[in-house]
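All remarks here apply to the structure that follows.
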Amino acid sequence: MERMAETIFDIRDIRVTFDTPDGAVEAVRGVDMHVRAGETVAVVGESGSGKSQIMMAAMGLLASNGRADGSVTYRGQELVGLPREKLNRIRGAKITMIFQEPMTSLDPLYTIERQISEPLRVHGGLSASAARRRALELLKLVHIPEPERRLKSYPHELSGGQRQRVMIAMALANGPDLLIADEPTTALDVTIQAEILGLLAELQHKLGMAILFITHDLTIVEAFADRVYVMQHGKVVEEGVTEQIFTRPTKDYTKMLLAAEPEGHKPPVPKSAPILLDADKVSVTFSARGGLFSPGFALKAVQDVTLSLRAGQTVGIVGESGSGKSTLGRALLQLLPSEGRVVYQGVPIQGFNRAAMRPYRRNLQMVFQDPYGSLSPRMTVGEIITEGLLVHEPGLSAGQRVEQAMEALKEVGLDPAMRNRFPHEFSGGQRQRIAIARAVVLKPTVIVLDEPTSALDRSVQKQIITLLRRIQKSHNLSFIFISHDLAVVKALADYTIVMKSGRVVEEGVTDEVFERPRSDYTRDLMEAAFNLRQVLSRQAEARA
Amino acid sequence: MFGYVLRRLLGAIPTLFLVVTASFFLMRVAPGGPFDQERALEAKVLENLNRVFHLDRPVWEQYLYYLGNLARGDLGPSFIYRDFNVQQLLANGLPVSIQLGGLALLVALLAGSVLGTIAALRQNSWIDYSVTAVATFGITVPNFVVAPLLSLIFGVWLSMLPAGGWGGGSPQNMVLPVITLALPQVAIVARLIRGSMIEALRSDHVRTARAYGLPTRMIVGVHALRAACLPAVSYLGPAAAALLTGSVVVETIFGLPGIGRYFVQGALNRDYTLVMGTVIIIAVFVVVFNLIVDLLYAALDPRVRYD
């Protein structure tokens, strides 16, 4: 963006404070930012950096305990402290927003038509029939298949990507000057993310509005933005033209963010390594039995998956949401009923009930995605870590258990003195370390890791990856690493399985799969994850 | 939808059958009989009575006999109100109970949602606190306290309204009983709506509505209220069944000819057929209102389907 267009959105020394029971918390501490007409600006930062709260403050959407000070002007009009009626003339018309959660941002009780029409009728004074015509135009504009039918649909009948398209249609309804997109693709699969970003770029090209893009994902920033603000702890630490930020960052924090992409790779294990876990044609079917007067249904979540895990190996399972990768992980550990054959160290454990599985559980551990939900909030960290020992080593004294807990905490890089604290006192990354300590303390041979890094910021992710590598070496562990995040799998796994709709579409040594993908699906996945920029520019060329 | 309703009604037949069977035998297990009085009847008279009402037969035979009559729509003669059969008693009392209960339900729904919404919109203000306090009061004070108080204040001291009586169903006579019946329901609905409204106002889609500059009345009235209604709807189904089948306390204190009192009188006097009749009526109402709730739920929430 060479020519200097006029500044339409100007943020000056904005501060956002939340009153909490523990006193006032400053989420944003004096930020200056501006957006020129037609420009694409990215605000990038990790969770808690305050990047979203700036926009909430500007749009009058802060939670009731939040307060904004400073100034936000839209074409000279001050927005902070503007009475609601006046603010309502700007938001939804001149400045519009799309949000991260496509599942919940639309009202589940009303049709798509009604929800797109409301801002049209309120701001543009359109009649019901005129609004319907315009809503249909908008759905066509955002390339929703069968737009006529979709008008009558409810949000739950649409996929995540389609819902985000509907949000974009709503955002465009009144011809905005500025579109604020708050992590609009974070909840979507990479291929859908590429489609949505492509759509935004296309619409910007066609309609000329400015886009303010809030994200934690540098790949998107590089592919999409003209200019970048980097935020940390409620302040802007660096700003500049995208290329400059990516090639010549000046601040340490920016450098750290750029270097936080997962790196390294794992050499394959020798063919002679013994097979620990062998699964043959594993299938999982979810079904609901029909009632007296209603039919049942069956859904094949996993179909005929065969894999083997050797000692010291990490098998990565990648796939988009709904591909059955997590279900497969649970089926391998006999956490849900499945068909096929699973053998652990020569013992066919397939179909074992809870009692029969118990002796094997300590060897076959699992770490879950959600570091907030998977630790009991009413137990101390020490109790959480040693709970498994109560079952598997009942002979241990309380003192010995504490010793083991301290040992395990040290091993995952936490202070052993923390064992008496409760999970809520820890950050997401620390909690995931606790979950890993809980698995490691039992000295297992196999750990199934189900998206263990997906809820974490990239910089924290990198630390967890390093940790997993270290404990794998020191304990000679074998991992099954389930993730939608290709970069993490590439760094950690030596063998990769790509799943789609419950089936394996491709598998092989990680380097092979990533360098020379054979199936179209894998290729699309790789492109969308690693070459987003090329994908978007190809889309742009196709339009031109 | 028609098919669904039909399936549900067919599915209710086994339920009703179980209710009838359980109540029938429970009644017979309870000590005493319909003709036990303080002064025992002459043996010959008792024998005759027992023969007339088939009480001399084995219980399973009485049961089959009752089922046979029931299948023909005959609820049998009342043991106590000897000039009436149970159908006649219910036909006289039910309209009274339904009118009172229906009005109380309407009041509960309207007043409850308005109060709950106001409290939610002014969360943690004095308005919110007073609604919550009044609601707690409404739930805790029993109707046998409220009814005489209302009757005393408005009927006796102020002479604004009749202190009791049905008066052929004239509106003045209904005011106090309806208020008594509605008060706890208003309180419960207000609390339910307040809670779910607060949650709805915090939801992402309400944030979307705000971000798109929709006026507050639309955000509250269109987007938040519909979601906030859902818990109140599921509560009101069973509550409606209870309201419409009459209240013995309210009917006794205000002297109203509803069916609520039959249940208690019938039970105390071992009036087997009358108790069975009221049990069946209540069971039918519960089944019907649960069905209505499910239909309403599906109408309010498109994610709910009939299957």
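Given the options A:Ala301, B:Leu106, A:Thr510, identify the residue whose Cα lies farthest towards the positive end of the charge dipole of the protein assembly as shown (+1 on Cβ of Lys, Arg; -1 on Cβ of Asp, Glu).
In the protein assembly as shown, that residue is B:Leu106.
Against the longest alpha carbon principal axis of chain A, how many degrees, from 0 to 90 and to the nearest 10, is the axis of helix A:428-440 turned?
10 degrees
Limiting things to C-alpha atoms, what are the Rg and the maximum Cα-Cα separation (Dmax) for the stretch A:1-157, in angstroms?
Calculated on Cα positions, Rg and Dmax stand at 18.2, 52 Å.
Would you mind putting B:138-146, A:128-136 in packing order, based on average other-beta-carbon counts within 10 Å, highest first?
A:128-136, B:138-146
Go through A:Lys140/A:Lys206; A:Lys325/A:Lys500; A:Lys255/A:Lys410 and tell me which ones have a Cα-Cα distance over 19 Å in this structure.
A:Lys255/A:Lys410
With r as the distance between the Cβ atoms of A:Gln400 and B:Asn124 and R0 = 60 Å, compute the FRET efficiency 1/(1 + (r/R0)^6) and round to 0.05.
Computed FRET efficiency for B:Asn124 and A:Gln400: 0.75.
With the contact rule set at Cα under 8 Å and sequence spacing of 6 or more, what percent relative contact order holds for chain A?
Relative contact order of chain A: 15 percent.
Got a sec? Which residues in the stretch A:193-234 would a label at A:Glu243 touch, if it sits 7 Å along Cα→Cβ and we count backbone N under 16 Å?
A:222-228, by backbone N distance to the label point.
Based on alpha-carbon positions alone, could you give the equivalent ellipsoid semi-axes of the stretch A:452-503 from the gyration tensor, as √(5λ), descending, whole Å?
20, 16, 8
Assuming 0.36 nm per residue, please report the length gained on full extension of the stretch B:Asp204 to B:Gln172 beyond their Cα-Cα distance.
Extending this stretch completely gives an extra 6.8 nm.
Calculated FRET efficiency, B:Ile139 and A:Glu26, Cβ-Cβ r, R0 35 Å, to nearest 0.05?
It comes out at approximately 0.25.
What shape does the stretch B:128-208 take by its C-alpha gyration tensor, where a ≥ b ≥ c are the square roots of the eigenvalues and a/c under 1.5 counts as rounded, a/b above b/c as prolate, and the rest as oblate?
In terms of gyration-tensor shape, prolate.
Can you show me the helix-derived [θ] at 222 nm for the protein assembly as shown, built from DSSP H runs with n ≥ 4 at -39,500 (n - 2.57) apiece and divided by the number of residues, rounded to the nearest 500.
Calculated from helices alone, the mean residue ellipticity at 222 nm is -16000 deg cm²/dmol.
Restricting to Cα atoms and excluding each atom paired with itself, what does the Kirkwood estimate give for the stretch A:363-503 in Å?
Roughly 15.5 Å, rounded to one decimal.
Could you please rank A:Arg330, A:Arg310, A:Arg438, A:Arg354, placing first whichever residue has the fewest other Cβ atoms within 10 Å of its Cβ?
A:Arg354, A:Arg330, A:Arg310, A:Arg438
Hey, fewest Cβ within 10 Å first, where do B:Val288, B:Val186 land in order?
B:Val288, B:Val186
Through the Karplus equation 6.51 cos²θ - 1.76 cosθ + 1.60, θ set to phi - 60°, convert the phi angles of the stretch A:534-539 into ³J(HN,Hα) values in whole Hz; use x for Gly and Pro.
Result, rounded to whole Hz: 5, 4, 5, 6, 5, 4.
Report the far tail of the P(r) of chain B, meaning the percent of Cα-Cα pairs longer than 31 Å.
45 percent
Report the relative contact order of the stretch A:480-544, percent, no decimals, based on alpha-carbon pairs under 8 angstrom and at least 6 residues apart.
Dividing the mean separation by the residue count of the stretch A:480-544 yields 21 percent.
Between the helical axis of B:171-201 and the dominant principal axis of chain B, each derived from Cα atoms, what acute angle in degrees is found, rounded to the nearest 10?
50 degrees
Classify the stretch A:399-470: rounded, prolate or oblate, from the alpha-carbon gyration tensor (a ≥ b ≥ c, eigenvalue square roots; a/c under 1.5 rounded; otherwise prolate if a/b is larger than b/c)?
oblate
What aspartates and glutamates sit close enough to A:Lys473 to cross-link, taking a C-alpha to C-alpha distance under 15 Å and skipping anything fewer than 8 places away on the same chain?
Output for A:Lys473: A:Glu411, A:Asp494.
Relative to the compact globular guide of 2.2 N^0.38 Å, what is the alpha carbon radius of gyration of the stretch B:28-109, as a ratio?
In units of the 2.2 N^0.38 Å rule of thumb, it is 1.48.
Quick check on the exposure proxy: order B:Glu251, A:Glu101 from fewest to most C-beta atoms within 10 angstrom.
So the ranking, lowest neighbour count to highest, is A:Glu101, B:Glu251.
With no solvent and one equal point scatterer per Cα, compute the Debye intensity ratio I(q)/I(0) for the protein assembly as shown at 0.04, 0.06, 0.09 Å⁻¹ and report its log10, rounded to two decimals.
Each listed q corresponds, in turn, to -0.27, -0.59, -1.09.
Relative contact order, percent, of the stretch B:127-265 when contacts are C-alpha pairs under 8 Å separated by at least 6 residues?
27 percent
Hey, any idea what the orientation-averaged projected area of the convex hull of the stretch A:195-314's Cα atoms comes to, in nm²?
Directional mean of the projected Cα hull area for the stretch A:195-314 stands at 15.9 nm².
Between A:Ser537 and A:Ala130, take the C-beta separation as r, use R0 = 51 Å, and let me know the FRET efficiency to the nearest 0.05.
The value I calculate is 0.85.
Need one value for A:23-34: mean number of C-beta atoms belonging to other chains within 10 Å of its residues' C-beta atoms.
For peptide A:23-34, the averaged partner shielding equals 0.
Enter the mean number of other protein chain beta carbons within 10 Å of the beta carbon of each residue in B:196-208, as an integer.
4
May I ask for the Kirkwood hydrodynamic radius of the stretch A:250-385, worked out over all distinct Cα pairs and given in angstroms to one decimal?
Answer for the stretch A:250-385: a Kirkwood hydrodynamic radius of 18.3 Å.
Whole angstrom only: what separates the Cα centroid of the stretch B:186-234 from the Cα centroid of the stretch A:300-366?
The stretch B:186-234 and the stretch A:300-366 have Cα centres spaced 44 Å from each other.
For the stretch B:110-146 and the stretch A:465-542, what is the separation of their C-alpha centers, rounded to whole Å?
Taking the Cα centre of each part, the stretch B:110-146 and the stretch A:465-542 sit 57 Å apart.
Let me confirm one metric for peptide A:171-177, namely the mean number of other chain beta-carbon atoms within 10 Å of its residues' beta-carbons.
1
Please sort A:490-501, A:362-373, B:206-217 by packing, taking for each peptide the average over its residues of neighbouring beta carbons within 10 angstrom, highest first.
By packing density, highest mean first, the sequence is A:490-501, B:206-217, A:362-373.
Would you mind estimating how fast the stretch A:72-206 diffuses translationally, via Stokes-Einstein at 4 °C and 1.567 mPa s with the Kirkwood radius over Cα pairs, in µm²/s?
Roughly 85 µm²/s, to the nearest whole number.
Can you pull a Stokes-Einstein diffusion coefficient for the stretch A:28-77 at 10 °C (1.306 mPa s), Rh from Kirkwood over Cα pairs, as a whole number of µm²/s?
129 µm²/s
Could you list which residues have their amide H under 5 Å from that of A:Gln232, counting only those 5 or more apart in sequence or on another chain, with H placed in the peptide plane?
For A:Gln232, whose amide H was placed from the backbone, the distant partners under 5 Å are A:Val237.
Of all alpha-carbon pairs in the stretch A:58-101, indicate the percentage at a distance above 11 angstrom.
Summing the P(r) tail past 11 Å for the stretch A:58-101 gives 69 percent.
Compute the projected area of the convex hull of the Cα atoms of the stretch A:124-189, averaged over all viewing directions, and report it in nm² to one decimal place.
5.0 nm²
Convex hull volume of the Cα atoms in the stretch A:1-52, per residue, in Å³?
That works out to 86 Å³ per residue.
Could you tell me what fraction of 2.2 N^0.38 Å the Cα radius of gyration of the stretch A:333-383 comes to, as a two-decimal ratio?
1.43
Just for the protein assembly as shown, what percent of DSSP beta bridges are antiparallel, to the closest 5?
Percentage antiparallel, nearest 5: 55.
How big is the shadow of the Cα convex hull of the stretch A:139-245, averaged over all directions, in nm²?
Answer in nm², one decimal: 7.7.
Is the stretch B:202-304 best put as rounded, prolate or oblate by its Cα gyration tensor, with a ≥ b ≥ c the root eigenvalues, rounded for a/c under 1.5, and otherwise prolate when a/b is larger than b/c, oblate when not?
Prolate, since a/c reaches 1.5 and a/b exceeds b/c.
The numbers here are math on the coordinates, done by the rules we state, and not lab data. No experiment lies behind these values; they were computed from the predicted model shown. Don't worry about glycine lacking a Cβ; one is built from the backbone with ideal geometry, like all the others, and counts go over all protein chains shown.
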